[in-house]
Amino acid sequence: MKIRELAIPESVKAILEKENYVDLYPPQNEAIKKGVLEGKNLVLAVPTASGKTLIAELCMVKSIVEYAGKAVYLVPLKALADEKFREFKKYEKIGIRVAQSTGDLDASDQWLQNCDLIISTTEKVDSLIRHRANWINSLSTIVADEIHLINDGERGPTLEVVLARLMQMNPSAQILALSATISNAHEIAEWLRAELVTSEWRPVKLREGVYEAGVIYFGDGETKKIRASIGVPSIDLALNVIKEGGQVLIFTDTRKKSVNLATRIAKFTATLVSNPERRALKQVSSSILKTGEVTKVTERLSELVAKDVAFHHAGLRYQERRIIETGFRENKIKIVCATPTLAAGVNLPARMVIVDNYRRYKTGIGYYPIPVLEYKQMAGRAGRPKYDRIGEAILISRGGDERETLLDTYVNGELEKIYSKLGKESALRSHILSSIAMGLANNADDVMNFLAKTFYGFQYDPKDIEGVIDTVLEFLTTENMVNEGRGGKLTATPFGNRVSELYIDPKSAVIIRDSIQNRKNKTTVGITHLTCHTPDMEPIFLRRRDYKDMETFVDEYMNEFLVDVPDPWSNPVEYENFLSEVKTTRLLLSWMEETPEETIIENFDVGSGDIFRYVESADWLLYSTYEIAKLLNVRDVLPLVMNLRKRVAEGVKEELLELVNLKGIGRVRGRMLFNAGFKTTVDLRLSKPSQLISIPTIGREVAKIIYEQVGATLDQKEWSNLKSEKTTESKQETLALEQNDSKE
């Protein structure tokens, strides 16, 4: 079937045809035949790049254009939201208002009322529901991407609860659930009362195999010899592919291995880069150095990219990961060594996917083999539509019986079923509270009835966790979040309602409440540690060599902690957890003292990306602390918490807060200005352009932005002279670069 033949608006056909969509893929054809364009619910479980998103687009846009509908597209990650937002903006040409909402979790975002197609993370939509965003009730199309993540212990419960609530609030809305192939997709389809389309069809044929001693053994029994000139399996495979004009994704199990492997590969790729490719790579390489403070990791990444290889892991800054992904997608970077987080993120196909290690390490468990589903997520990246005829996904065998095991388990093995993870107390606390706060559950029976509508309720009998539900309800009532009235009627207290809106674990709220109410001596250390003591802050892994430093810190600040310090002898596990919290606290304190990123990275064994994730979590928990203190009238803590929130968000000492409030001024530029004598906005307003421009990192454009914000009157003659001087300098720099290029 062709796009031209579909029952969709002509304006939509024109956009798709301009994007070279002509014929539908077989799974898309089947979806059309099953009535997806007539509003039928659908579960589409097909391989990566088989056209899932297009079916969702057709349904959303048809509903919006023909019936004045409203659509929401749920994704698990902000990176995916960014990708889909860029992808869907093409429909703005025909008047569809496309929006992205992934930020503030304590807002109803009423502006979304005027938007037609909204891309959002599941957590954000859950928050919007809790804030009673009225537009939620007018949804006509609900798309859940990566539906298999219901199986994820962290994101899964929220995903199924949000879907259950959206269906409850919009009973006539069309539901589309998208996923790579899963073994029990029929169960999800039954739960959603949806048609099911499953398929193994791919636009690029996928061959899966195991590499051992110079030979790839494919699952169909065929073999392929590889020139093994280096003797390192992943490197030999990757070099063979790029010499043939392909691209390679190599998945390793740790960040360190991804960096080390990329470094080793670069020794061989550097000689294979042509002059035009080298120029393109230099642009990508230099852009990496502009993403923030330059660290050893940033420098290493930049150097490797110039040699046509990169590493990619969660320790990198978001901007760095984006640059790598874009460079790879545009075929500028040929090899990326990544941790499995990439497989769960944006769409990034390659001719060959290499799984360098199929084992993972987990503290307390040791090494264990990854699930087949995780391997298939990685393997699904193999094969670039429009570029490759065949994609190859290869596991590495180290000898012995491993090759046969890998073939049987992963290449030819069956996928695991996915199961709901909603039945745990930690998952239920927040969702039961929000049900009561929104008036969707007025008693224990209502809670049970709602759970019956979730995927958990489909797979199990909610009565099996009746004891867990009772425990949660007892906790919520005991901690004054829920009142139980006559006949067992449940209502949220002002405290419970606010906690639900703040989108934090009720247990975190109790810890914060009790600490700020019962402890008198509130300090920077105490409040910062308090955020790290909550379940919402994941503590940093504690190395053996950290113990002495953390214990010294505990001794020094013993009287400032707002929670009891566990006894190391009677509660050794709790004490070790406490030291991990202290390590996280010290990272945040170092950040607020303007310690360079490089030093933090070395001292705490984290990446820049980790620092910003901890900062983001601390910022939200400090905001929540402020809101709880305000609600409970604990006034003495408010100025300190507000001050700390600003400092942690910017990573500065208190003296820089006025400067970093200016657009374009971060912790580095702020410190440069302060040290040069510009300590307030008044100082900046009275300064001369030549004074500012002479400060490192402050160029003409930044200076102009500063002057606009502080209300300075510019001397146009002086400004023009500076512009002329700058232009001459720029021309000289350009000439020097061109001369260097010619020498190379």
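Please treat every number below as a calculation from the coordinates, not as lab data. What you see is a predicted model; the values in this text were computed from it and never measured. Note that each Cβ is placed from the backbone with ideal geometry, even for glycine, and that neighbours are counted across all protein chains shown.
Under the simplified labelling scheme, the residue 19-residue 186 pair shows an inter-label distance of 3.4 nm, with each label point 7 Å from Cα along Cα→Cβ. Summing Lys and Arg as +1 and Asp and Glu as -1 over all other residues whose Cβ lies under 11 Å from the Cβ of residue 462 gives a net charge of -2. Of all beta bridges that DSSP places with both ends in the chain, some 25 percent have antiparallel geometry. Under conditions of 4 °C and 1.567 mPa s, the range 651-692 yields 127 µm² s⁻¹ as its translational diffusion coefficient, taking Rh as the Kirkwood radius over Cα pairs in the Stokes-Einstein equation. A straight line joining the Cα centroids of the range 73-93 and the range 512-547 runs 36 Å.
For the peptides 629-641, 563-575, the ranking by mean Cβ contacts within 10 Å, running from highest to lowest, is 629-641, 563-575.
Considering the range 425-501 at the alpha-carbon level, its Rg and Dmax are found to be 11.6, 35 Å. Relative protection proxy for 645-658, 219-232, 37-50, from highest mean packing down: 37-50, 645-658, 219-232 (other beta-carbon atoms within 10 angstrom). Would you mind getting the Kirkwood hydrodynamic radius of the range 506-651 from its Cα pairs, rounded to one decimal in Å? Taking the inverse mean of 1/r over all distinct Cα pairs, the range 506-651 comes out at 15.4 Å. Which net charge results when you count Lys and Arg as +1 and Asp and Glu as -1 among the other residues whose beta-carbon is under 10 Å from that of residue 318? Around residue 318, the surrounding residues sum to +3. Placing a label point 7 Å from the Cα of residue 272 along the Cα-to-Cβ line, the residues of the range 238-252 whose backbone N sits under 12 Å from it are 238-249. Set the Förster distance to 45 Å, then compute FRET efficiency between residue 114 and residue 254 from the Cβ-Cβ distance, nearest 0.05. Efficiency at R0 = 45 Å is approximately 0.45.
Proximity of backbone amide H atoms, modeled 1.01 Å from N, is registered between residue 337 and 250, 310, 311, 312 at under 5 Å, excluding neighbours fewer than 5 places apart on the same chain.
Computed over the chain, the percent of Cα pairs more than 42 Å apart is 37. Normalising the average separation of contacting C-alpha pairs (under 8 angstrom, six or more residues apart) by the number of residues puts the relative contact order of the chain at 10 percent. One decimal place: the segment residue 294-residue 633 gains 117.7 nm when fully extended, by the rule 0.36 nm per residue minus the C-alpha distance.
Between residue 520 and residue 90, the contour length at 0.36 nm per residue exceeds the alpha carbon distance by 149.2 nm. One Cα centroid belongs to the range 466-506, the other to the range 356-384; the line between them spans 39 Å. Taking 25 °C and 0.890 mPa s as the conditions, I'd like the Stokes-Einstein D for the range 658-717 in µm²/s, using the Kirkwood hydrodynamic radius from alpha carbon pairs. So the translational diffusion coefficient is about 219 µm²/s. As a length-normalised measure over Cα pairs under 8 Å and 6 or more apart, the relative contact order of the range 134-214 settles at 32 percent.
Amide H to amide H distances under 5 Å link residue 206 with 391, where only residues 5 or more positions off or on other chains count and H is placed in the peptide plane.
Charges were assigned to the Cβ only: +1 to each Lys and Arg, -1 to each Asp and Glu. The resulting dipole of the range 440-482 about its Cα centre is roughly 180 debye. With both residues required to sit in the range 108-245, DSSP beta bridges show an antiparallel share near 65%. Kindly identify the range 233-355 as rounded, prolate or oblate by the Cα gyration tensor criterion: order the square roots of the eigenvalues as a ≥ b ≥ c, call it rounded if a/c is under 1.5, otherwise compare a/b with b/c, prolate if a/b is larger, else oblate. Rounded is the answer for the range 233-355, as its axis ratio a/c remains below 1.5. Would you work out if the range 3-198 is rounded, prolate or oblate? Take a ≥ b ≥ c from the square roots of the eigenvalues of the alpha-carbon gyration tensor; rounded if a/c is under 1.5, else prolate when a/b is larger than b/c, oblate otherwise. The shape class here is oblate. Put a dot 7 Å past the Cα of residue 541, heading toward its Cβ, do the same for residue 458, and the two dots end up 3.6 nm apart. The label point for residue 224 and the one for residue 444, both projected 7 Å from the Cα toward the Cβ, are 6.1 nm apart. Neighbours of residue 66, meaning other residues whose beta-carbon lies under 15 angstrom from its beta-carbon, give a summed charge of -1 when Lys and Arg score +1 and Asp and Glu score -1.
With n ≥ 4 as the cut-off for DSSP H runs, can you work out [θ] at 222 nm for the chain, using -39500 (n - 2.57) per run divided by the number of residues, rounded to the nearest 500? When only DSSP H runs of four or more count, the value is -14500 deg cm²/dmol. Per residue, the convex hull spanned by the Cα atoms of the range 150-224 amounts to 137 cubic angstrom.
By DSSP, the beta bridges lying fully in the range 205-411 are antiparallel in about 30 percent of cases. If you count Lys pairs in the range 22-89 whose Cα atoms are under 18 Å apart, skipping same-chain pairs closer than 8 places in sequence, the total is 16.
Averaging the sequence gap over all C-alpha pairs within less than 8 Å and six or more residues apart, then dividing by the number of residues, gives the range 205-411 a relative contact order of 29 percent.
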